[in-house]
Amino acid sequence: MGVVIKEMGEFRLKGLELPETLSLVYPKELAGRLKLETKNVASKAATTRVQFSLEQLRSLAMLAIRIEALASDRVFRPTTMMHRSYSLQSTSGAAGSPDDIDPEIFMYANPEFLLPPIHDSATDADLLQIMDSLTLRIDNALSTMYLKHVGGYHSVLAALEQAMKVDAGMLVQALSMFGSLME
């Protein structure tokens with residue numbers, strides 16, 4: 001007859017009391033699709049498994065906080081690392097002491113309040129969602145830093161990029177002429 005039958009298992013169908021055994025029927029010419037489909041399902045299952053530990057995810061979360069603090073021109077310090085003799089109101093002290101440092105450049109906070117909760121009982125889907133959120137936070141912070149430090153030159157860089165597409169020789173000549181004017 002020229003067909004391939006693959007048993008899919010028992011399924012409960014709406015309107016029927018007992019589960020029914022379902023089978024997938026392919027023409028022999030399409031039997032290769034069945035093998036391809038089972039390989040894809042196996043590879044998807046292998047790639048969706050989370051390949052990192054909870055400690056690595058917590059480290060990524062701390063990295064996200066530190067980068068966000070840098071994007072706001074501050075340095076993150078967890079409250080557990082706060083120097084005992086250092087108070088935010090203190091402005092006097094010997095050279096080299098924590099009191100000499102501008103307190104506004106530090107951001108002291110409890111990391112637990114700034115991080116998503118990462119529980120040991122979290123599912124792989126939960127961990128992937130947390131990782132996605134953290135990478136988005138890191139991307140936003142890096143974009144902010146880029147715009148702060150390179151943003152003013154964006155139009156110049158875009159023009160240079162366009163000029164490179166047009167004629168690299170002309171760009172080199174223009175830059176050398178500009179360089180001679182700067183001297």
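Name, by its number, the condition in (1) modelled with pLDDT of 85 or more; (2) over 25 Å from residue 55 (Cβ atoms); (3) open to solvent by 50 Å² or more (accessible area, probe 1.4 Å) that does not hold for residue 136.
Every listed condition holds for residue 136 apart from (2).
Take the range 136-162 and flag every residue that is in contact (Cβ under 8 Å) with a residue 12 or more places away in the chain and small (Gly, Ala, Ser).
Listed by number, the list holds a single entry, 141.
With assigned to a helix (DSSP H, G or I), farther than 30 Å from residue 55 by Cβ and at pLDDT 75 or above as the only criterion, which of 159, 125 stands out?
Going through 159, 125 in turn, the sole match is 159.
From the list 9, 2, 15, pick out the single residue that is open to solvent by 50 Å² or more (accessible area, probe 1.4 Å) and modelled with pLDDT of 75 or more.
15
Tell me which of these residue 142 doesn't satisfy, since it passes every other one: (1) modelled with pLDDT of 70 or more; (2) open to solvent by 70 Å² or more (accessible area, probe 1.4 Å); (3) farther than 30 Å from residue 51 by Cβ; (4) in a helix (DSSP H, G or I).
Here residue 142 meets the rest and fails (3).
Out of 43, 87, which single residue is of a type in the set (Ser, Thr, Tyr), modelled with pLDDT under 85 and assigned to a loop (DSSP other than H, G, I, E, B)?
The match here is 87.
Given the options 49, 33, name the one that is open to solvent by 70 Å² or more (accessible area, probe 1.4 Å) and modelled with pLDDT of 70 or more.
One residue alone meets the criteria, 33.
The values are calculated or read from the model by the stated rules, or taken from the named source; none is laboratory data. Every value quoted in this text rests on a predicted model; they were computed, and no experiment measured them. Glycine gets a Cβ as well: all are built from the backbone with ideal geometry, and neighbour counts include every protein chain shown. Heads up: the accessible areas ignore ligands, DNA and RNA and are worked out on the full protein's heavy atoms, side chains in. Shrake-Rupley method; radii C 1.70, N 1.55, O 1.52, S 1.80 Å.
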